[in-house]
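The values are calculated or read from the model by the stated rules, or taken from the named source; none is laboratory data. No experiment lies behind these values; they were computed from the predicted model shown. Cβ sites come from the backbone with ideal geometry, for glycine too, and all protein chains shown count toward neighbours.
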Amino acid sequence: MNIKRVIGLDNLAGDYAYARDPETGYTAARRIADQWVSTTCGYCSVGCGIEIGVRGNRAVAVRALESHPVNRGKLCPKGLSEHHTIAAENRLKRPLLRRNGKLVEVSWDDALGAMVERFRATQERHGRNSLGVISTGQLVTEEFYALGKLVQLGFGTNNFDGNTTLCMSTAVSGYKLSFGSDGPPGAYEDLERADVVLLLGANIADNHPILCQYLEANPRKTLIVADPRVTKTAMMADLHLPLKPRSDLALLNGIAHILVRYNLIDREYIARHTTGFEELVRFLDEYPPAKVCEITGLSEEQLHKTAFLYGRAQAGFIGWTMGVNHSTKGTETVNAICNLALLTGNIGRAGAAPFSITGQCNAMGTRETGFTSSMPGYRKFDDAGDRAELAALWNIAESRLPAKRGLAYPDIVEGAVGGKIRAMWIIATNPLVSFPNQGVLRQALADLEFLVVQDGYHPTPTTELAHLVLPAAIWGEKEGTYTNSERRVSKVNKAVDPPGEARPDFDIFLAVAERLGCRDELFPGWMGPGDAFEEWRRVSRGRLCDYSGISYEMLAGRGAVQWPLPEGTPFRETSRLYEDGKFPTADGRARFLCGEWEPFPEQPNTEYPLVLNTGRTVEHWHTRTKTREVPILERLSPEAWLEMNPRDAGRIGLRSHDRVDVVSRRGRVSGVELRLTEIIAPGQVFMPFHYSETNANEVTQSAFDPISREPNYKQCAVRIERKGATS
Amino acid sequence: MKGLPLLESDLLYLSPDLTPGALVRIAPARHMAPLRLPEAGEQYRFHFDMTKCIGCKCCVVACNEQNGNPAAINWRRVGEIEGGHYPHTQRHYLSMGCNHCVEPSCLNGCPVEAYTKNFVTGVVEHSADTCIGCQYCTWNCSYGVPQYNPARGVVGKCDLCHNRLSDGMAPACVQACPEGAIAVEIVNIAEWRADYLAANAPGLPSADDSISTTRITLPADLAPDTGRVDTQQIRPEHPHLPLVFMLVLTQLALGAFAVLWLLDWTGHTARLWISALASLALAGVSLGVSTLHLGRPVYAWRAMRGLRHSWLSREVLGLSLFAGAASGFAGMLLFDMPGRPLAGFGAVLLGAAGVMCSARIYLVRARPAWNSGYTVAEFFATALLLGPLFVRATGVSGAHWIAWAAACGGAAQLAAQMLKFLWLAQSETFELRASSRLISGQFRGAFLARLGVLVAAGLVAPLASGRLGVSIAAFALALAGEWLGRWLFFVTVVPKNMAAGFPARAKVAA
């Protein structure tokens, strides 16, 4: 005990001292760094430029990278405190192997030996595809590229997918079907240059706050936000469409109906660049305004206003996120969004784009290079030409490339329950919080013979179940690139050494390859991420996602560069896809696709009368593995809450701050703090999913989009009880 | 491009330095800092644009980083307000640092002159080195701006990052805001004093208390029922146990010396000095213990610096003088010296003045449940109840009027407490009604026990029996009851504050 402190002679003035520094100005002395390392934020896919202040081997501060084109000197609250994630107490420092039921520290040598031996043994006994690998959107592109080769060619299993299937796979599927390829066509700048911005199921104020400044800088725009909840983003809107849960597909079809009926369409664009228009027009007959308004709960005035605003826009932008994607009709909803853009020619021009606002910092990188739902470079498994081309680039037999995609994430989990998947490798994701219907997942993981979890932190709910935990370096401790929502590639740099024996995922993948004996074949002469990037440049050459003109040197100089940038073409600040109206389909035309609206799968009834919507809050990132380590973020959002309309609460005698249980057919979330609020519609409730202590995914359902395999997180039927009322 | 005037006020912006290679775009206003110092009659202030705020709390995080504060201390906070009905719901956010008031109540209350209002910039500055951690400023501010840091033993608050301003840099919150919702501008103080309506907003206490200078731009179509979302759960305040202990015992000493003075004056001669010395000892100990309430007890001596404006300084002076005069009177009793009626009267007068100063400390606008005559009544009723009971319990006199005096004290306290509760419960002021809800809810048992003790030990016992044993028991019980009552006084006050966010548990992450 500091006696001088107790009597007051000492007021810890030293700890709270300020200092002046030419880099930071006058600030808390403990934030003053010896050097600043520029990198890219490791949370969401906005892709903000950020600098880490380093003193010794410690990250003491962060600040926005002023020269970065994306974030214009700003960061969100997670970015502003990101350095606190690095030296967190829960960082995993050594490999842990389960012996006699307990995780004990082992050497890397033992850890990798056990991993390869067990995976090999399982594969020998149950077939190569009995190994499932769940990746992430959190690694650098170079790691995704290496991991894809390692899993598909080294381990030889195609049951490989990422947590991106919980997040953006719907956008991927939708783009592929409508345009012939994945790839968000627009750019952030479009938010600033559009005169009508329609956001669907996208609460960017909470989830991508840095994008809001693009809207703020656009004085001409009319902002329309379609969301059943009065989100922070809905409050920014000129026109909020409080539609019924998952009626978005009907809304989009209804808008298309009005566009066609009032000839607010670009017939020339349609004729030159699309197919399927006639069929679409016939299909849209089924979506007259009266019917659409009944489905969506909107007024005909709201519907017409929206359609006319978008139809008459010089440049109309449609942005969407999880409200659209997290749906069993997600892919068709994305197609319906693309339909609107194609009908009005709102694509490939400044301000005009259908645009998926991606989730994770490098979900885009894994989509392009990852070898999960497609082969690197948006190559199709079922295209013999693509296979031959890739095999030639890699100098391998074409037969080693799978001719079809393996199991998607939910199907790998289901496969584990059925015994088809016997071993699993989970990398940088935490399904024990994020996967829907946790009961099934727990069963799946319990049935595994060997589970390897690779993470920067321990314990997480997922590492606790592992047989082997591999300690990975995290953001700030390794090098590579991220690609953001607008296809902009940014450099990620190392500021400090990883703690203990933690290693960059890239090194881990190469070490595993070494053990497998395929390092020289798959990664010849590779020393670091730069080698992977150079190979990726070659592999992506000529593809839609062409990186061949991008180099680390260029990224260091320009901060961030959008693909496609074929080698030898001039650099452009902002690029858009499909500017020439040519689409990567067989006939070069985009397709109109007809997606029939259907009610969401689990409708409320008397036993489960409310519709649960799940989502996020600005203070936390996904499963909170990182943000729970940041005291100020925990302070600002310490626990989950359940939003309920007072009209519903009155009926069951509940009040704000009561502790309630959320009960569905599948499970129960116990002791959530109730918030009575008019933010949420009567008949609906909302809770954030970040919190493992009160995990919303105990009650969400196993219903998946048939094409993208993305879960229908946003709607399920629940009832709310006072805590412990039944059990 | 320098000195581009924007808005109708005197706000001037520095243009952002454009790094080569960066895109030239309409950047939202950044580096928002006035280019000049305020002139005579002017000061700096914040402008907050509620129409732009998206509730991202970047300002809060940036402020904590800037000032190296632990997570539990937030010199800038973001509150949430809500109004209307679905789907015409409105939700808005309030971001607030210090309002750098024209009449800063923190400064007026401070007993050690730790606060200064900078005569050039108008920034209300606080010195952590001068501060002794009495936390009186935290009771005085209607917005909850000064926050006590128990690790340091001192208070801290937003200083408008004036050290950054003087270097031509924006405050941390201003710089961090992605929406350009916060700015620093220059205000003419006389004009603002004449019309400061723009300092008010739903979710904020009235700017009347101290004339906040923060200008708030409100949305044009704010729903009439827009208000705080944090009012459904009322948290008890800190009990300040050393103060509970000290207040009751100094009041006891006042009552005891008043009784002893009257006894002595009316010719009672038996060993009054025993009682006098005993009560003096209690009061002395309590005054010593009260310094434990300070974050920095060793600097308690500084507390008389603010005599010109701080009731806390005056309390320290008043109670010290009372202790001196009472010691003198006790000595005169012990050595049977002449002139005691006058000396005793002087001691009682100083004691009454000291207790009055004590009470005045709590009469602050920021704590409505304290800011009434009931506080004065409660403190003097404690003196009237415990003083006579104490003298009886020391066995120096069995005079019947002492028992009646105690009963009067008990009755007065009982009446004061019940009337105060009715006043709180019937009030339309949120903080007062919230206090009554704490008393009738979470603290109902304690409140009823206190009333019961007042009846038993304050009314029935002194009138029913003169036996020493009963007197001692009655005194002990009444003292415990008053301590309980004073503890309730502290925990059930609901301070004015700005709207907070919804989360009920302000979980403090290390």
Quick one: which residue in A:Glu66, A:Glu89, A:Glu82 is among the charged types (D, E, K, R), within 19 Å of A:Leu555 (Cβ to Cβ) and out of contact with any Lys or Arg (no Cβ under 7 Å at 6 or more places or on another chain)? A:Glu66
Applying the selection to segment A:355-366, what residues are over 12 Å from A:Val140 (Cα atoms) and at pLDDT 95 or above? A:Phe355, A:Ser356, A:Ile357
With the first residue restricted to segment B:112-137 and required to be more than 12 Å from chain A (Cβ to nearest Cβ), and the second required to be surrounded by fewer than 16 Cβ atoms within 10 Å (Cβ to Cβ), Cβ contacts under 8 Å at 6 or more apart or on different chains are B:Tyr115/B:Ser127; B:Thr116/B:Ser127; B:Val120/B:Leu37; B:Thr121/B:Leu37; B:Val124/B:Thr116; B:Glu125/B:Thr116
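State the number of residues belonging to segment A:259-279 that are assigned to a helix (DSSP H, G or I) and out of contact with any strand residue (DSSP E or B) (no Cβ under 9 Å at 6 or more places or on another chain). Steps first, please.
In the first step, residues of segment A:259-279 are kept if they are assigned to a helix (DSSP H, G or I); the result is A:259-261, A:267-273, A:277-279.
After this cut, where a residue has to be out of contact with any strand residue (DSSP E or B) (no Cβ under 9 Å at 6 or more places or on another chain) as well, the list is A:259-261, A:267-272, A:277-279.
Final tally of qualifying residues: 12.
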Answer from B:Ala190, B:Ala198, B:Ala181, B:Ala176 - the residue that is in contact with a Leu (Cβ under 8 Å, 6 or more places away or on another chain) and over 29 Å from B:Thr130 (Cα atoms): B:Ala176
Go through (1) more than 20 Å from A:Asp455 (Cα to Cα); (2) part of a helix (DSSP H, G or I) and name the single condition A:Ala114 misses. (1)
If A:Ser107 passes every condition in (1) touching a helix residue (DSSP H, G or I) at 6+ places or on another chain (Cβ under 8 Å); (2) surrounded by fewer than 21 Cβ atoms within 10 Å (Cβ to Cβ) but one, which one does it miss? (1)
Considering residues that are over 16 Å from the mean Cα position of the chain (by Cα), at pLDDT 95 or above and in a helix (DSSP H, G or I), the number found within segment A:418-438 is 2
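For every residue, the table says whether it meets (1) within 33 Å of the chain's Cα centre (by Cα); (2) facing chain A (nearest Cβ under 9 Å); (3) at pLDDT 95 or above.
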{"residue": "B:Gly3", "(1), (2), (3)": "no, no, no"}
{"residue": "B:Leu35", "(1), (2), (3)": "no, no, no"}
{"residue": "B:Glu42", "(1), (2), (3)": "yes, no, yes"}
{"residue": "B:Phe46", "(1), (2), (3)": "yes, no, yes"}
{"residue": "B:Gly68", "(1), (2), (3)": "yes, yes, yes"}
{"residue": "B:Ser95", "(1), (2), (3)": "yes, no, yes"}
Write out, first by first residue and then by second, each pair whose Cβ atoms fall under 9 Å of each other, whose residues are 6+ apart or on separate chains, and whose first residue, in segment A:59-88, is facing another protein chain (nearest Cβ under 7 Å) and in contact (Cβ under 8 Å) with a residue 40 or more places away in the chain while the second is among the polar types (S, T, N, Q) and not in a loop (DSSP other than H, G, I, E, B). A:Ser67/A:Ser38; A:Arg72/A:Gln213; A:Lys74/A:Gln213; A:Lys74/B:Gln175; A:Ser81/A:Thr627; A:Ser81/B:Asn64
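Would you mind finding the one in A:Asp411, A:Asp382 that is under 29 Å from A:Arg128 (Cβ atoms), without any contact (Cβ under 8 Å) to a residue 24 or more places away in the chain and surrounded by fewer than 21 Cβ atoms within 10 Å (Cβ to Cβ)? It would help to see each step written out before you state the result.
Numbers: A:Asp411 fails: without any contact (Cβ under 8 Å) to a residue 24 or more places away in the chain.
None of the other options fit; the residue is A:Asp382.
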Would you confirm whether any residue within segment A:395-409 is in contact with an Asp or Glu (Cβ under 7 Å, 6 or more places away or on another chain) and more than 28 Å from A:Thr141 (Cβ to Cβ)? no
Are any of the residues in segment A:328-347 in contact with a helix residue (DSSP H, G or I) (Cβ under 6 Å, 6 or more places away or on another chain) and part of a strand (DSSP E or B)? no
Segment A:13-50 - residue that is surrounded by fewer than 16 Cβ atoms within 10 Å (Cβ to Cβ) and part of a loop (DSSP other than H, G, I, E, B) and, of those, farthest from the other protein chains (Cβ to nearest Cβ): A:Asp34
Among (1) in a helix (DSSP H, G or I); (2) within 13 Å of another protein chain (Cβ to nearest Cβ), which single condition is A:Arg651 missing? (2)
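Any idea which of B:Ser275, B:Ser372, B:Ser290, B:Ser310 is surrounded by 21 or more Cβ atoms within 10 Å (Cβ to Cβ), farther than 30 Å from A:Gly8 by Cα and hydroxyl-bearing (Ser, Thr, Tyr)? Show your work before the answer.
On the way: B:Ser372 fails: surrounded by 21 or more Cβ atoms within 10 Å (Cβ to Cβ); B:Ser290 fails: farther than 30 Å from A:Gly8 by Cα; B:Ser310 fails: farther than 30 Å from A:Gly8 by Cα.
On inspection, the qualifying residue turns out to be B:Ser275.
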Here the residues within segment A:537-585 that are touching a residue at least 12 places away in the same chain (Cβ under 8 Å), within 14 Å of chain B (Cβ to nearest Cβ) and in a loop (DSSP other than H, G, I, E, B) are A:Gly559, A:Phe571, A:Glu573, A:Thr574, A:Ser575
Residue ID - surrounded by the fewest Cβ atoms within 10 Å (Cβ to Cβ), chosen from residues in segment B:127-143 that are touching a strand residue (DSSP E or B) at 6+ places or on another chain (Cβ under 8 Å) and closer than 14 Å to B:Asn99 by Cβ: B:Tyr143
Over segment A:231-259, the set of residues surrounded by fewer than 19 Cβ atoms within 10 Å (Cβ to Cβ) and among the hydrophobic types (A, V, I, L, M, F, W, C) is A:Leu239
What are the pairs with Cβ atoms under 7 angstrom where one residue, in segment B:233-248, is away from every other protein chain (no Cβ under 14 Å) and the other, located anywhere, is outside any helix (DSSP H, G or I) and among the β-branched types (Val, Ile, Thr)? Sequence gap at least six, or different chains. B:Pro236/B:Thr492; B:Glu237/B:Val493
Of the residues in segment A:51-83, those that are closer than 14 Å to A:Glu23 by Cβ, in contact with a Gly (Cβ under 6 Å, 6 or more places away or on another chain), surrounded by 24 or more Cβ atoms within 10 Å (Cβ to Cβ) and β-branched (Val, Ile, Thr) come to A:Ile52
Does B:Leu292 satisfy the condition of being modelled with pLDDT of 95 or more and either closer than 17 Å to B:Tyr362 by Cβ or under 29 Å from the mean Cα position of the chain (by Cα) (or both)? no
Among the residues of segment B:331-367 satisfying the criterion of being farther than 29 Å from B:Pro111 by Cβ and not in a helix (DSSP H, G or I), which is nearest to the chain's Cα centre (by Cα)? B:Gly339
Find the residue count for segment B:192-232, including only residues that are within 14 Å of chain A (Cβ to nearest Cβ), over 26 Å from B:Gly441 (Cβ atoms) and of a type in the set (A, V, I, L, M, F, W, C). 4
